[in-house]
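Below: one structure, written as structure tokens.
The values are calculated or read from the model by the stated rules, or taken from the named source; none is laboratory data. Computed from a prediction, not measured in an experiment: that's the story for all the values here. Backbone-built Cβ (ideal geometry, glycine too); neighbour counts: all protein chains shown. Keep in mind that these areas ignore ligands, DNA and RNA; they rest on the heavy atoms of the full protein, side chains included. Shrake-Rupley method; radii C 1.70, N 1.55, O 1.52, S 1.80 Å.
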Amino acid sequence: MRLVSRVLRHPNTAAALLVAMAWTAATPALAEEAVHSLEGTWQGWIVYAEAEIELDFLVEIAPDANGKLVGSIDVPSQKMEFYPLTSVGLEGHQVAFDFHRDSERTKNAHFLFTGELSDDGTRIAGMFKGWADDDGRNHVPFTLERTGDATGERAPVPIQPLHALSPAGDELVQAFNAKVDKVRLVLLLSPT
Amino acid sequence: MVRKYVLEAIPAEDLEVFVIWGPMLGRETEADAKPATAFLPDPRVQHFWTPSHEMAEAAGKSVGLVDERGWDLFLLHARGVRWEATAPVPSYYQHVGRSLPKERRFNGKALVQELERLLRQAAPSGAAAAPPAS
């Protein structure tokens with residue numbers, strides 16, 4: 001079972017969340033505390049070179065039965081989904097979370113995010129230390145925006161229709177010319 | 001990043017995107033291409049799968065590659081350009097890791113700038129949509 005789902009479905013966690021929500025609605029100070037929190041779903045980018053090499057990723061954080069923050073990370077380009085975070089921490093506005101994973105060169109390599117939570121609690125910006133790109137950069141900026149609550153769920157993957165192409169590409173040529181009144185962008189890519 | 005810098009940045013309906021997924025590394029299959037289509041879920045995007053390199057070779061020639069297949073290319077074509085016997089020379093292109101000028105390496109912001117320039121251009125006089133296939 002996915003880590004965060006397991007956390008969220010624990011009866012103690014559910015009860016604690018209900019109490020917290022009631023107190024938060026009644027108490028402005030507690031509402032402010034809710035803003036100053038890492039709990040939720042966050043989406044963003046690891047930026048090796050702006051507009052050139054960026055990895056999109058998603059982090060989901062929630063408290064476990066003991067109130068300790070736990071979480072998971074998705075990095076689609078690395079085929080990672082619900083990958084468990086080793087640790088999650090918030091001290092003041094300083095944020096840190098990490099995971100361990102075998103890399104090409106290192107077994108159980110350490111991947112670390114350190115950053116700062118914005119005053120309104122909607123954004124985290126900082127530095128990521130992990131995969132190196134072709135130029136050897138492995139300590140690069142990242143940003144995350146809060147997009148919702150931690151649910152342990154993912155929207156269905158939007159698989160699109162895929163058309164078979166003959167070697168000469170007749171189907172593409174026909175489709176290309178059918179849109180002659182438009183600006184057209186043709187991409188030739190590997191799916192892996 | 002094409003989704004971030006192109007599709008999400010440019011809502012224009014007079015943009016059409018064609019993605020040719022293929023065996024750039026020599027081992028990809030159609031089964032790899034199907035989930036990859038989810039990276040570009042936009043009604044303006046048409047996805048194609050080819051198990052051969054002919055399209056990449058044709059695309060490579062269109063940007064001046066010699067003895068190198070044109071995988072990892074981003075080819076922009078203005079209104080009115082038609083694909084005839086050979087792949088048309090693009091109005092603008094970018095690449096990743098090809099033997100092409102470094103200033104044409106993929107950059108989402110530069111790609112969008114060129115795309116917006118082409119969108120502002122009217123179609124050449126006399127250009128019209130191809131008749132629907134019979």
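Some observations on this one:
- Qualifying lysines (Cα of each under 19 Å from Cα of B:Lys61; at least 8 residues distant if same chain): B:Lys102
- Solvent-accessible area buried by pairing A with B, both sides, nearest 100 square angstrom, 1.4 angstrom probe: 5100 Å²
- Computed 3J(HN,Hα) for the stretch B:108-117, one whole-Hz value per residue from the Karplus formula 6.51 cos²θ - 1.76 cosθ + 1.60 where θ = phi - 60°, is x, 5, 5, 4, 5, 4, 5, 4, 5, 4, glycine and proline marked x.
- Under 5 Å between amide hydrogens, built in the peptide plane, is the criterion, and for A:Thr147 it picks out A:Thr41, A:Trp42, A:Gln43 among residues at least 5 positions away or on other chains.
- Note that the stretch B:67-79 has calculated 3J(HN,Hα) couplings of 6, 8, 6, x, 7, 6, 10, 10, 10, 9, 10, 6, 4 Hz, one per residue in order, obtained from phi through the Karplus relation 6.51 cos²θ - 1.76 cosθ + 1.60 (θ = phi - 60°); glycine and proline are x.
- Percentage of interatomic Cα-Cα distances in the stretch A:36-94 larger than 19 Å: 37 percent
- Residue-wise HN-Hα couplings along the stretch A:124-138, as the Karplus relation 6.51 cos²θ - 1.76 cosθ + 1.60 with θ = phi - 60° gives them from phi, are 10, 9, x, 10, 10, 10, x, 4, 9, 8, 4, 8, x, 6, 9 Hz; Gly and Pro carry x.
- Peptide B:59-70 - average C-beta neighbours from other chains (10 Å radius): 1
- Packing rank of B:12-25, A:80-93, where each peptide gets the mean count of other beta carbons within 10 Å, highest leading: B:12-25, A:80-93
- The peptide list A:148-159, B:106-117, put in order of mean Cβ contacts within 10 Å with the highest first, becomes B:106-117, A:148-159.
- Whole-number D in µm²/s for the stretch A:87-145 (Stokes-Einstein; Kirkwood sum over Cα pairs; 4 °C, 1.567 mPa s): 105 µm²/s
- Accessible surface of the protein assembly as shown [probe 1.4 Å, protein heavy atoms]: carbon and sulfur percent: 53 percent
- Per residue of peptide B:83-90, the mean number of Cβ atoms on other chains within 10 Å of the residue Cβ is 3.
- With semi-axes defined as the square roots of five times the eigenvalues of the C-alpha gyration tensor, the equivalent ellipsoid of the protein assembly as shown measures 44, 21, 19 Å, largest first.
- For chain B, the solvent-accessible area works out to 50 Å² per residue, with a probe of 1.4 Å and every protein chain left in place.
- More than 27 Å apart - percent of Cα-Cα pairs taken over the stretch A:40-192: 38 percent
- Cα-based reach from B:Lys4 at 16 Å (exclusive), listing lysines while leaving out same-chain residues under 8 positions away: B:Lys109
- For the residues of B:10-16, the average number of beta carbons from a partner chain within 10 Å of their own beta carbon is 4.
- In chain B, the calculated helix contribution to ellipticity at 222 nm averages -6500 deg cm²/dmol per residue, counting -39,500 (n - 2.57) for every DSSP H run with n ≥ 4.
- Based on the convex hull around the alpha carbon atoms, the stretch A:120-192 presents an average projected area of 9.9 nm².
- Residue-normalised convex hull volume from the C-alpha trace of the stretch B:1-119: 107 Å³ per residue.
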